[in-house]
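Derivation of every value follows stated rules applied to the coordinates shown; laboratory data play no part. Quantities reported herein were computed from a predicted structural model and do not represent experimental measurements. Cβ placement follows ideal geometry from the backbone for every residue including glycine, while neighbour counts extend to all protein chains displayed.
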Amino acid sequence: EDVTVEKLADISAMSSRNFARIFVKELRITPIKYIEKLRIEAACRYLTDTQFSMDEVANACGFKNSINMNRIFLKTFNVTPSHYRKNFSTSFSHPNQY
């Protein structure tokens, strides 16, 4: 399910604007940036610990598509997801360990 500020605000019984204001006040980051941060962290785990395709990783982590994930990875780490995987992945010699 796609996580949005509007959905989080609805769950919190607040307007989107009020939710975002309180969120920033408490966490010092916008809800959108926080959601993006969580998606990037999840993608890093998938990239290093699985053999999922880029499309599968993007889908599992809530990105619109692998192109969107690629753009955000470049902005965040200055490397593509493929390059990140190549440099930081764990050994795939035991495919049944997960």
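See the values below:
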{"read-out": "Helix-derived mean residue ellipticity, 222 nm - over the chain, DSSP H n ≥ 4, -39500 (n - 2.57), to 500", "value": "-20000 deg cm²/dmol"}
{"read-out": "Extension gain from GLU6 to LYS25, taking 0.36 nm per residue of separation minus the Cα-Cα distance", "value": "5.1 nm"}
{"read-out": "Charge dipole (debye, nearest 20) of the chain; +1 at Cβ of Lys and Arg, -1 at Cβ of Asp and Glu", "value": "460"}
{"read-out": "Other-chain or far-sequence residues with amide H under 5 Å of THR30's (modelled H)", "value": "none"}
{"read-out": "Listed peptides 47-55, 19-27 by packing density, highest first (mean Cβ within 10 Å)", "value": "47-55, 19-27"}
{"read-out": "Where labels lie 7 Å past Cα in the beta-carbon direction, separation of ARG45 and LYS33 in nm", "value": "2.3"}
{"read-out": "Gyration tensor (alpha-carbon) shape descriptor, the chain, a/c threshold 1.5", "value": "prolate"}
{"read-out": "Contour minus Cα-Cα distance for ALA60 and LYS86 (0.36 nm per residue)", "value": "7.4 nm"}
